[in-house]
1. Among the GluC sites (Glu not before Pro) in segment 98-130, which ones are in a DSSP loop with at most 15 other Cβ atoms within 10 Å of the Cβ? Mind listing them?
2. Could you calculate, for segment 152-244, the ratio of the Cα radius of gyration to the Kirkwood radius, expressed as Rg to Rh?
3. Tell me, what is the FRET efficiency for residue 42 and residue 178 to the nearest 0.05, using R0 = 30 angstrom and their Cβ-Cβ distance as r?
4. Enter the accessible area per residue of the chain (Å², integer; probe 1.4 Å; all protein chains in place).
5. I need the phi-derived Karplus couplings for segment 86-98: 6.51 cos²θ - 1.76 cosθ + 1.60, θ = phi - 60°, integer Hz, Gly and Pro marked x.
6. Describe numerically, in nm with one decimal, the distance between label points set 7 Å from Cα along Cα→Cβ at residue 27 and at residue 245.
7. Per residue, what volume in Å³ does the Cα convex hull of segment 68-147 take up?
8. For residue 98, what residues show an amide H to amide H distance below 5 Å, using hydrogens built from the backbone and excluding near sequence neighbours?
Amino acid sequence: MSTFLLVHGAWHTGQCWERVVPLLEAAGHRVFAPSLTGYGDKAHLLGPEVGLDTHVDDVVGLVTEKGLRDVVLVGHSYAGLVISSAAHRIPERIGHLVHLDAMVPEDGESAVDVQPVTQQLIEMAENSGSGWRVPPMPEQPAPFGLFGVTDPADVAWLRGMLSDQPVRCLQQPVRLDNPAANAIPRTHIHNVGATPAGITRRPVPPVQPNGTAAQVWELPTGHDCMITMPRELSELLLKLSRARARA
């Protein structure tokens with residue numbers, strides 16, 4: 001049995017994993033899919049002081065409070081920053097990192113460094129009435145849709161869970177200064193469907209920090225694969241779990 005901790009990206013809530021969680025649980029695994037501070041059941045905590053460090057604290061706090069170990073830590077999109085920092089805080093509790101169509105930072109980088117188009121969103125927020133709220137990306141015509149979701153019913157469901165992201169989340173740098181975290185194996189899952197202009201993906205180095213060959217899988221869908229391809233995503237995560245059990 002594996003313990004999966006699924007971390008949602010910017011603007012989303014833990015609800016976005018609703019179609020994936022039961023598939024992993026049905027295979028006998030333990031699954032956590034919390035909403036980060038400012039989202040879902042924690043929406044009342046949203047404020048300008050909420051940043052990347054807040055969300056790292058969320059993940060580290062859940063892992064330590066529940067006494068979790070050998071965690072498969074999955075970060076979608078912006079949460080690639082969150083899980084990277086969390087792994088350096090508690091490397092002894094993390095068994096595997098999964099970057100799901102995610103930002104993959106170097107030490108000291110922010111979301112803007114990893115995805116430069118983010119700077120435009122920050123400037124829009126700073127020039128708005130609030131000065132700190134970054135609204136969700138707008139829906140675009142097919143095949144891009146809303147974060148890659150194009151089915152009308154799914155778009156309506158997704159739109160209902162989206163909320164603003166604090167600027168601080170996109171400005172705070174990651175701290176990747178614990179050498180022990182380099183031993184954690186990692187997997188990259190890339191969604192290779194239609195990608196909006198301005199969105200870039202860094203190439204994955206052929207060798208992981210732990211010295212083993214990079215593991216990169218692809219899904220032929222848009223960004224929010226947990227909504228558009230939950231079964232296929234779950235199968236990849238279960239494949240990873242089986243491989244870990246054989247190791």
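The values are calculated or read from the model by the stated rules, or taken from the named source; none is laboratory data. Bear in mind the structure is a predicted one, so any value in this text is a computation, not a measurement. All Cβ positions, even for glycine, are placed from backbone atoms using ideal geometry, and neighbour counts span all protein chains on display. Just the protein is used for accessible areas: all its heavy atoms, side chains included, with ligands, DNA and RNA removed. Shrake-Rupley method; radii C 1.70, N 1.55, O 1.52, S 1.80 Å.
1. On the way: sites: 106, 109, 123, 126; in loops: 106, 109.
For GluC sites (Glu not before Pro) across segment 98-130 that sit outside H, G, I, E and B with at most 15 neighbouring Cβ atoms in 10 Å, the list reads 106.
2. Values: Rg = 16.4 Å, Rh = 16.3 Å.
Here Rg/Rh amounts to 1.01.
3. Computed FRET efficiency for residue 42 and residue 178: 0.65.
4. Values: 10840 Å² over 247 residues.
Here the per-residue accessible area is 44 Å².
5. Result, rounded to whole Hz: 4, 5, 7, 7, 9, x, 5, 9, 9, x, 6, 10, 10.
6. 0.9 nm
7. That works out to 126 Å³ per residue.
8. 73, 74, 75, 187
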